[in-house]
1. Here's a check for you: in segment 270-290, which residue that is more than 16 Å from ligand 1 (Cβ to nearest atom) and among the hydrophobic types (A, V, I, L, M, F, W, C) is nearest to the chain's Cα centre (by Cα)?
2. So, in segment 436-476, how many residues would count as being more than 20 Å from N691 (Cα to Cα) and in contact with a Cys (Cβ under 7 Å, 6 or more places away or on another chain)?
3. Please pick out the residue among L533, L509 that is within 16 Å of ligand 1 (Cβ to nearest atom), out of contact with any strand residue (DSSP E or B) (no Cβ under 7 Å at 6 or more places or on another chain) and among the aliphatic types (A, V, I, L, M).
4. P267 versus (1) crowded, with 20+ Cβ neighbours inside 10 Å; (2) within 15 Å of ligand 1 (Cβ to nearest atom); (3) in a helix (DSSP H, G or I): which is the lone unmet condition?
5. Could you tell me whether L416 is in a strand (DSSP E or B), away from ligand 1 (no atom under 16 Å from the Cβ) and under 36 Å from the mean Cα position of the chain (by Cα)?
6. Please verify whether L661 is modelled with pLDDT of 95 or more and more than 16 Å from ligand 1 (Cβ to nearest atom), treating the condition exactly as stated.
7. For segment 464-476, state whether one or more residues are surrounded by fewer than 22 Cβ atoms within 10 Å (Cβ to Cβ), acidic (D, E), within 11 Å of ligand 2 (Cβ to nearest atom) and within 27 Å of the chain's Cα centre (by Cα).
8. From the list I246, I219, I230, which one is touching a Lys or Arg at 6+ places or on another chain (Cβ under 7 Å), farther than 23 Å from A530 by Cβ and more than 16 Å from ligand 2 (Cβ to nearest atom)?
Amino acid sequence: MWLQMRILTNSATNTQSIGETTLSAHTIAVALPVPLKRNFHYLSDSAVSPGCRVRVPFSNRELIGTVVEDNSTPHSGELKAIIEIIDEAPFANQRWWQLINFTASYYLAPIGEVISSALPKNLRDGRPLSNYRADWFQLTDVNAVAKGVQQQRCLDALRSGPMEWSQLREAKVTRATLKRLLELELVAEYDHLGAETPCRLTQSPPEPNAEQLAAITAITQSTGFSSWLIDGITGSGKTEVYLRSIEHCLAQGQQALVLVPEIALTPQTLERFSARFATRIAVLHSGLARGARCEDWVSAADGLARIIIGTRSAIFAPIPKLGLIVVDEEHDLSYKQQDGFHYSARDLAIVRAKHAQCPVILGSATPSLESLANAERGAYQRLELSARAGGASSPSVELVDIRQASRDTGLTMAALDSISSCLARGEQALVFINRRGYSPALMCQHCGWIADCPACTRHFTVHQRHQQLVCHHCDVVEPVTHRCPQCFSQQLDRVGEGTERIEERLIQLFPDTPTIRIDRDTTRSAQQLAENLELVNNGQPCILVGTQMLAKGHHFERVTLVVVLDIDSGLYAADFRAPERTGQLLTQVMGRAGRAELAGQVLVQTSLPDHPLLQSLLSQPYRIYASMLLAERQRFGQPPFSAAALLRADHPHQHQVDQCLSLARNFCANAVQHGVLQCQGPMPAPLAMRNGRQRGQLWFFASHRNKLHSAMQALDELLTNSKLVGGLRWSIDIDPQDSN
Ligand SMILES: Nc1ncnc2c1ncn2[C@@H]1O[C@H](COP(=O)(O)OP(=O)(O)OP(=O)(O)O)[C@@H](O)[C@H]1O
Ligand SMILES: [Zn+2]
């Protein structure tokens, strides 16, 4: 049988494209970005190295895939020919494949999807890597003399070594001059791949204190794989330890990967790193323009970028000369991917370092219980930084009982007085409230009706500026109603406070001082965030209002007062991880106060001043608080003292969800009976309905990770092959971090 195939005009391979002919000698296995856990087979005229992208026909469209194997045994049936080979050579090495394969198998994900999340959009779309490689130039003859000042300027610039076009432009060379010199053959293109990018120190670093020095020495003297947990209080100078370790890594001619939890932290990190090192630094996160992100990704893959700073998905960047991985704020939830396949970039950092036989540093002032347990059992080596660096002292902390205090828009008089005096001293204050929007509910004074999202089991949040009711769970937006739909009263109250309302009130109370709000609504663009941070960093008195975005890693020298408005919800939460999260958040936000010479003060407003968790958190270092939580987890056999997985399912109808979860539960019944697995559920998710879909879940625990993993693999296969009702979505989350 002959298949009708597209005739190609610009195929790099000259594929004859006539279906399953015997002319094509190679059967290649290709990973495609589809949710199927298998490879797809195609024919190719010429050999294609594994690791090259190809364009292939797939049902009635074209997809970009990555070759996994050449001359593999065909799957079954008749094979179609590939359309185009995109890469001449693989874009990544064997170790990268090791990481991708590990990820796919550990997180039960299709390999094509893992590769997809590793590639930036334009490369996923099949654009050639060469589009994102800069042109480099060099002298053909070091003694060459040119005509005219312009040409001479170019030759002089190149005397120190090959340069990229952008560097030449900075040296005031024009395109026309360069073109002329290329014609004269005084300058030639330079093949920069495989060449060393120079790297030099541009700043004399501060003298490390004794603890920093001990950490730096331990890390830089280690050989091969080693994993380090830097448990250093806020402001203790963890970054200095990273910088010195990176310096050592660069001196060996290697590349360093630095993960940060939030896009918002990349500018600060980039600034500190580029102040220290004159070398090529790649930045990888989703807030960048597509082209720029590809350029940086390719420069990492080519080994040219010596430092790679990025958020979660940067863990998948090809880095051929990887010599060090740093995971800053390792406890942060954002390292765990919540949609698609649920990988943890922090955990993969350990795996990747093992493959690369290099050190990995996890750093935090509030390490996760997982990492603390790993340090305790000797899997990680713990390094402690117990004092603030550079002479700063820890802030004083005071609880303000809101049950007895009168409040103005959620702010007690004690808080307002402290803000006034802070500003009067010419310093900056930070007000933390982990809730964006104006108020978390719109309620009728008469009948008690509350505006709820029609698609979720949650209240709408009022956003005053845009006069909108917004659901923070499904992003449904409705205009603010002015009349109760139940009793027609026009007396609707905005109940409670969010960042927008606090901002509004602070502007009224302190009209002469800028109030800067930092939350997801005010920082949609990186530009806007940068401008806001710039305002803070110029040191003028100001009030910062923000969510947890502000609590993470920022170093604001002139913030001396931190006011915490709503920590209580975290103390009430039922999730077994809530005490850990609350402790981390509070410790981190308090840690923004008094980080330089000026002393810091923290006010925590609460209606639960005697709550044992709060008491224990504030009366002793986080480390001791954490060891108390660890003891409790151990007592109940919860992670990290057991391995966990979470099956989630959702569908518009509850009984379909129940059916899927019961199927899973029954499937595991045997393992449960034999004590290999523990099962909890089926139960509704904490957010039981989202976007009109009922959500249920089933928890699995096991004392052995391997046993849990094989059970989940089998379950995954079962569900994949079961004829589940159309529209049912399910996923298995290995090592879940979020119970929602
Ligand atoms: N040895 C040192 N001598 C003087 N100053 C130092 C030293 N080490 C670090 N610093 C300074 O101390 C400040 C705090 O350091 P850094 O931001 O690295 O803290 P951190 O441990 O990362 O804190 P956090 O966990 O709160 O983000 C910075 O301004 C840094 O330049
Ligand atoms: Zn909703």
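The values are calculated or read from the model by the stated rules, or taken from the named source; none is laboratory data. Since the model is a prediction, treat every value here as computed from it, not as a measurement. Neighbour counts are summed over all protein chains in view; Cβ atoms, including those assigned to glycine, are modelled from backbone coordinates with ideal geometry.
1. Keep residues of segment 270-290 that are more than 16 Å from ligand 1 (Cβ to nearest atom), which gives 278-290.
If we keep only those that are among the hydrophobic types (A, V, I, L, M, F, W, C) as well, we get 278, 281-284, 288-289.
On the way: A278: 26, I281: 18, A282: 16, V283: 13, L284: 10, L288: 14, A289: 17 Å.
Here the answer is L284.
2. The qualifying residues number 4.
3. On the way: L509 fails: within 16 Å of ligand 1 (Cβ to nearest atom).
When all the criteria are applied, what remains is L533.
4. Result: P267 fails condition (1) only.
5. Numbers: in a strand (DSSP E or B): no; away from ligand 1 (no atom under 16 Å from the Cβ): yes; under 36 Å from the mean Cα position of the chain (by Cα): yes.
Answer is no for this residue.
6. On the way: modelled with pLDDT of 95 or more: yes; more than 16 Å from ligand 1 (Cβ to nearest atom): yes.
Taking the combined requirement at face value, the residue satisfies it.
7. Looking for residues that are surrounded by fewer than 22 Cβ atoms within 10 Å (Cβ to Cβ), acidic (D, E), within 11 Å of ligand 2 (Cβ to nearest atom) and within 27 Å of the chain's Cα centre (by Cα), one finds at least one in segment 464-476, hence yes.
8. Testing whether each residue is touching a Lys or Arg at 6+ places or on another chain (Cβ under 7 Å), farther than 23 Å from A530 by Cβ and more than 16 Å from ligand 2 (Cβ to nearest atom) leaves just I230.
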